[in-house]
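Here the structure is laid out as structure tokens; the discussion comes afterwards.
Laboratory data are not the source of any read-out in this text; all were calculated from the coordinates shown. Keep in mind that this is a model prediction, so the values were computed, not measured. So basically every Cβ, Gly included, is an ideal-geometry build from the backbone, and we count neighbours across all protein chains shown.
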Amino acid sequence: MAEDKDWRKDKRHRDGSIKTIKGNLYARIQYIDDITGKRKEKLRRAISRKDARELIKEMRAELQIGGQDTLRSDKITFKTVAEKYEKVHLVPAVFRDGIKVAGKRSVKPSKSALNHLIEHFGRKPIRSIKTSDLEAYKVKRLHTPVEIEINVKVPNPEKSRKKFLIKKVIQKRPRKISTVNREIAVLQSVFKFAKNDKLITDNPFDYAGKIVSLSAEIPRDRILSYEEEKSLLAACDNDFRRHLRPIIITALDTAARRGELLKLQWKDIDFSAGTITIRATNSKTEKMRKIGMTSRSKDELLSLWNQSPQNIEELVFGIKDSFKKAWSTAMKEAEIKDLHFHDLRHTGTTRLVRAGVPIAEAMEITGHTQPKTFQRYVNLTVESVNAAASKLDNYLANRKSQG
């Protein structure tokens, strides 16, 4: 009580004061505006005199550490900050001499994640978002299924020549933890941007621990068997899907990414040297690399070149949009289940290692920069585990014979 009386006696305390407005308590500090040179005050609602004193200390610390912008930002919404972040950071990449000097190679996934974040946090003042809110968002997104609109054939109830009608149906599936992790990673970037821009002094991620659960992600380990490969290539042996054969073989024998293959131009193919150049502008890692051609991939590309207008600026595979429909049809005809095009990269990487290519060289070929990521692409096959068991049998037999 004595402390409260001392505080009341000096309302204009050098660090601030407590003000009562319409029966409500407010913490108050004064400062000289950097722009106008005039004296200004900052008020924050308090629940008690003790709370008011803490708020005064907090505002003074913010003023000292972050400057006046931090004080003005307590009502700035998450949406405002997110939109500013988008304008500054989510811009297309700018390359100079094959090196990225600004922007981001792929902005679409980040913008999609940002839209979900704005939908959830949009109107909340960014300073009011706490660590518990981050966890709540994660749980909510994991429990929100993905809804996809698909076309389904249904019997036509009316007497007509059309036996079936196409009906649009919403199909639901669980949301992947990897998707939620990518959204939280964008959220973390927004808060880092806000702190660097002095809009906040505290980042809730500093107290969140490992909210991005990379260990909880289930890495996809599907690889194509040699028998399945034969069936898949046979399914592409017709006029409707023949364009898939060259890109499938090249994907398997180079372990290149889908986007890298689709952006290849004939100037990137050197038949005399037997190499394919993945330019930095087309690579996910933004680094140029060269990949050797196998005899069969070289034959496929030579055949394509001879059939093409032979313009070095043209796309090698001539595919400018999605080939999802042709791929799905080929899978169905080959009777192959649960195979994504990206699994061909997975398969190619595994084959490189099984062929005895040193890990460091294999990583250079595939364009991996992190050994941990690379290891996710290396799969044990039935043949490899049996070979390992056979080697162990021989070892044990030798040990036994030696007594």
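Odds and ends about this structure:
- Residue-span extension gain [Lys50 to Asp74] - 0.36 nm each, minus C-alpha spacing: 6.6 nm
- Placing a label point 7 Å from the Cα of Ser132 along the Cα-to-Cβ direction, the residues of the stretch 178-204 whose backbone N falls under 18 Å from that point are 203-204.
- Cα-projected label distance for Lys391 with Asn151, points at 7 Å along beta-carbon direction, nm: 5.1 nm
- Among Asp33, Asp133, Asp202, residue whose mean-square fluctuation peaks in a GNM of the chain (springs only between Cα atoms under 10 Å): Asp33
- Considering only the chain, percent of DSSP beta bridges that pair antiparallel, nearest 5: 95 percent
- Relative contact order of the chain, taken over Cα pairs closer than 8 Å and 6 or more residues apart, is 12 percent.
- Highest-fluctuation residue, Ile18, Ile223, Ile170 considered, GNM on the chain with Cα pairs under 10 Å: Ile170
- Cα-based shape type of the stretch 226-387, given that a ≥ b ≥ c are square roots of the gyration tensor eigenvalues and the cut on a/c is 1.5: oblate
- Given (i) 22.2; (ii) 23.5; (iii) 27.0, the label whose value is Kirkwood radius over Cα pairs in Å derived from this model: (iii)
- Placing pseudo-labels 7 Å out from each Cα toward the beta carbon at Ala234 and Lys163 gives an inter-label distance of 2.9 nm.
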